[in-house]
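Asks: Take a look at the following structure, please.
The values are calculated or read from the model by the stated rules, or taken from the named source; none is laboratory data. Being a predicted model, the structure only gives us computed values, none of them experimental. Cβ placement follows ideal geometry from the backbone for every residue including glycine, while neighbour counts extend to all protein chains displayed.
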Amino acid sequence: MARRSGYKVVTAGPEETRNLTKFAHTVNSCDVMMGVHGAGLANMVFLPMNATLIQIIPWGSLKWACRHDFGEPAPDMGIRYVEYEIKEEESSLIEQYPRNHAVFTDPLSVQKQGWNALWSIFLNKQKVKLDVGRFRPVLLEALRFLKP
């Protein structure tokens, strides 16, 4: 979908990130970087000025933490910030917990159990499967930043 929307897509997995110098140059050649909340987004430090960071926020009432970690520093780094908060249907947690579980009905109560519970459930066990129709406007918004 990103390609069809006008992006040249560059992906980076463990192999591409082994050589930090090469990887930093790759990131610096990008106008937009996107990813699910996590340490990998710290690579935003390699983005060029006026680039855009798209952060995908996992399920679990994590918007405040995600925005604090990456959204708030972005403007001071000369980076535009766009976020996309997934719905429960886009989370693998719907396959692990019933809909009436606190994970869905009261995620903050899970967070109040401490860092280990938050990490284990919302960050470590959760996989994201984007609803591309719902996500498309976010990609288009970032693409508009690139147009002169």
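Asks: Could you list, in sequence order, all residues of segment 99-130 that are surrounded by 13 or more Cβ atoms within 10 Å (Cβ to Cβ) and either in contact with a strand residue (DSSP E or B) (Cβ under 6 Å, 6 or more places away or on another chain) or within 30 Å of Gly6 (Cα to Cα) (or both)?
Replies: If the condition is that a residue be surrounded by 13 or more Cβ atoms within 10 Å (Cβ to Cβ) and either in contact with a strand residue (DSSP E or B) (Cβ under 6 Å, 6 or more places away or on another chain) or within 30 Å of Gly6 (Cα to Cα) (or both), then Gln126, Val128, Leu130 are the ones that fit.
Asks: Hey, another quick one. Residue check, Gly40 against (1) over 30 Å from Leu118 (Cβ atoms); (2) in a helix (DSSP H, G or I); (3) not basic (Lys, Arg), all met but one. Which one?
Replies: In the conditions (1) over 30 Å from Leu118 (Cβ atoms); (2) in a helix (DSSP H, G or I); (3) not basic (Lys, Arg), Gly40 misses (1) alone.
Asks: Same structure again: Of the residues that make up segment 134-142, is at least one touching a Pro at 6+ places or on another chain (Cβ under 9 Å), surrounded by 15 or more Cβ atoms within 10 Å (Cβ to Cβ) and touching a residue at least 24 places away in the same chain (Cβ under 8 Å)?
Replies: Residues of segment 134-142 touching a Pro at 6+ places or on another chain (Cβ under 9 Å): none.
Looking through segment 134-142, none of the residues is touching a Pro at 6+ places or on another chain (Cβ under 9 Å), surrounded by 15 or more Cβ atoms within 10 Å (Cβ to Cβ) and touching a residue at least 24 places away in the same chain (Cβ under 8 Å).
Conditions tested, residue by residue: (1) loosely packed, with under 13 Cβ neighbours inside 10 Å; (2) out of contact with any strand residue (DSSP E or B) (no Cβ under 8 Å at 6 or more places or on another chain); (3) not in a strand (DSSP E or B).
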| site | (1), (2), (3) |
| --- | --- |
| Asn50 | yes, no, yes |
| Leu53 | no, no, no |
| Asp76 | yes, yes, yes |
| Glu83 | no, no, no |
| Leu93 | no, yes, yes |
| Tyr97 | no, yes, yes |
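Asks: Just give me the residues in segment 23-48 being loosely packed, with under 11 Cβ neighbours inside 10 Å and either more than 22 Å from Gln126 (Cβ to Cβ) or charged (D, E, K, R) (or both), in sequence order. If you could, list the steps in order and put the result at the bottom.
Replies: We begin by selecting, within segment 23-48, every residue loosely packed, with under 11 Cβ neighbours inside 10 Å; these are 39.
Result: no residue meets the conditions.
Asks: For the condition among the hydrophobic types (A, V, I, L, M, F, W, C), modelled with pLDDT of 95 or more and under 15 Å from Met33 (Cα atoms), what is the one hit in Ala74, Ala142? Before the answer, list the steps.
Replies: On the way: Ala142 fails: modelled with pLDDT of 95 or more.
Of Ala74, Ala142, the one residue that is among the hydrophobic types (A, V, I, L, M, F, W, C), modelled with pLDDT of 95 or more and under 15 Å from Met33 (Cα atoms) is Ala74.
Asks: Looking only at segment 4-37, how many residues end up being of a type outside the set (S, T, N, Q), closer than 15 Å to Leu146 by Cα and part of a loop (DSSP other than H, G, I, E, B)?
Replies: 6
Asks: Inside segment 121-146, can you point out the residues that are more than 14 Å from the chain's Cα centre (by Cα), closer than 11 Å to Gly60 by Cβ and in a helix (DSSP H, G or I)?
Replies: Scanning segment 121-146 gives a single hit, Ile121.
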